[in-house]
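**Student:** Have a look at this one.
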Ligand SMILES: [Zn+2]
């Protein structure tokens, strides 16, 4: 899902601010993905494992392990047609650095699987884990009902 309105209000504000700050720095950023349903996360997890394509996530859908399922993460690309993921000018590192000033964790800093288009809110994701959210709310639906 792509709509920025699907994000937690706090994370949505940070995403909007990130786009603004990057634009002011000559970095055109577009939000490409926000909230994922369990079915969408399971389909993504299957990719490269039981369905064609390359592996793009280590988070299974059934345990609510992805911050995208909780509406506290989003992905970006360069807002230039045909050059969305080009990085010869270190575009994603620059956007990542700006994101960090807003209290976002940048996916390029993951130790195992680098995910440069990815951002998640560290306040909701201590240790890059959904454990705190799961412990407090149980399911994304219960979390979202309290936004
Ligand atoms: Zn992501």
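Computed from the coordinates by the stated procedures, all read-outs in this text should not be read as laboratory data. This is a predicted model, so every value here is computed, not measured. Cβ coordinates were reconstructed from backbone atoms using ideal geometry, including for glycine residues, and neighbour counts include every protein chain displayed.
**Student:** Kirkwood Rh over alpha-carbon pairs of segment 36-147, then Stokes-Einstein at 10 °C and 1.306 mPa s: what D in µm² s⁻¹, rounded to an integer?
**Tutor:** On the way: Rh = 15.0 Å.
Translational diffusion coefficient: 106 µm²/s.
**Student:** Order of 57, 50, 132 from fewest to most other C-beta atoms within 10 Å?
**Tutor:** 50, 132, 57
**Student:** Calculate, for residue 51 and residue 2, the FRET efficiency according to 1/(1 + (r/R0)^6) with r their C-beta to C-beta distance and R0 22 Å; round to the nearest 0.05.
**Tutor:** Efficiency at R0 = 22 Å is approximately 0.55.
**Student:** For segment 51-117, what is the relative contact order in percent, using Cα pairs closer than 8 Å and at least 6 residues apart in sequence?
**Tutor:** Value for segment 51-117: 18 percent.
**Student:** Using the count of nearby Cβ atoms within 10 Å as a rough guide to exposure, how do 49, 60 rank from fewest to most?
**Tutor:** Placing the least packed residue first, the sequence is 49, 60.
**Student:** Which residue, 19, 122, 56, tops the fluctuation ranking in a GNM of the chain built on C-alpha contacts under 10 Å?
**Tutor:** 56
**Student:** In what order do 45, 113 fall by count of nearby beta-carbon atoms within 10 Å, going from fewest to most?
**Tutor:** Going from least to most buried by this count: 113, 45.
**Student:** Here is a follow-up. Let me have the relative contact order for segment 1-127, percent, based on Cα pairs under 8 Å that are six or more residues apart.
**Tutor:** 24 percent
**Student:** Also: Normalised by the number of residues in segment 75-147, what is the relative contact order in percent for Cα pairs under 8 Å and 6+ residues apart?
**Tutor:** 20 percent
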